[in-house]
Amino acid sequence: MSKIISGYAERFAELEKAEGVFAFLDELLLQFGADRYVISGLPLPGRSIDPLVLVLRLEEVMGTGPRTGLLDPTDPLLQRARDGKVGFAWTDKDDAGGNRPSGTAALIRGETAHAVGVVPIWHFAPWQGALVVAGERMKIDDRHLAGMDWLLRQAFRRLFALGAVRRERPGELSAQERRVVSLAAIGKTAVEIAEVLAISQRTVHAHLQNASDKLRATNKTHTVVEALRYGQISL
């Protein structure tokens, strides 16, 4: 098994075009029994998800590239994927128990599958994404979700290396905004942040305000929470 896994990693590393990476990933996902899936980046607040959709497979048809109006970034399934790091199954009970059903789950589930598997793609911060997958013969358990997580890591490592996927999404915080928010997150005051970064307090407040606006936050604490949630900073 270790030789097979090593071979997959080497194969991904050898591919020279994004189309080849997606085709090989598709081949491996089909071995899991996945015949319907979408792979997409997840946007920052108030931003469209359309340009971040990378792959859509519905039965026999697989296409790559953006999709207009396909996904709703406020979908409860996608929000859970953005906030987590572990794959999970989304079932009819999740639709019934939430504030509203997941349109993404309905799209990928089709008429035969009873559940969809969801694998967050979180290893390449600040970029965030997810695989939502289903298949009539597919097992959605911890082992299979972990296997797909490993495949996604190999695929996206190569895609980022090829420059086929941009790590920066629209609306990302600037490097200096991240530094300011990171220091605020560990309790530094504006005076202390100004001293650490050798900038004025006025500039500190300007960076915090810009970050707050980008993240649709209402105050400094909310800005820190949203920056963590959207992969802009880490603690």
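The values are calculated or read from the model by the stated rules, or taken from the named source; none is laboratory data. Keep in mind it's a predicted model, so treat the numbers as computed, not measured. In this analysis, Cβ positions are derived from the backbone assuming ideal geometry, glycine residues included, and neighbour counts consider all displayed protein chains.
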Next item on the list: Name every residue in segment 67-88 that is surrounded by fewer than 17 Cβ atoms within 10 Å (Cβ to Cβ), more than 10 Å from the chain's Cα centre (by Cα) and at pLDDT below 95, in order of residue number.
Entry: Thr68, Gly69, Leu70, Asp72, Thr74
Check: What are the residues in segment 215-235 that are surrounded by 23 or more Cβ atoms within 10 Å (Cβ to Cβ) and part of a helix (DSSP H, G or I), if any?
Finding: Thr223, Val224, Ala227
Next item on the list: Filter segment 17-66 for residues that are of a type in the set (Ser, Thr, Tyr) and either surrounded by fewer than 15 Cβ atoms within 10 Å (Cβ to Cβ) or under 22 Å from Glu168 (Cβ atoms) (or both) and give the result.
Entry: Ser40, Ser48, Thr64
Next item on the list: Report yes if Arg109 is at pLDDT below 90 and either within 30 Å of Ala227 (Cβ to Cβ) or among the charged types (D, E, K, R) (or both), otherwise no.
Entry: yes
Next item on the list: Scan segment 153-211 for residues that are free of Cβ contacts under 8 Å to residues at least 60 places away in the same chain, under 30 Å from Ala23 (Cβ atoms) and surrounded by fewer than 19 Cβ atoms within 10 Å (Cβ to Cβ) and jot them down.
Entry: Arg153, Phe160, Ala161, Gly163, Arg166, Arg167, Glu168
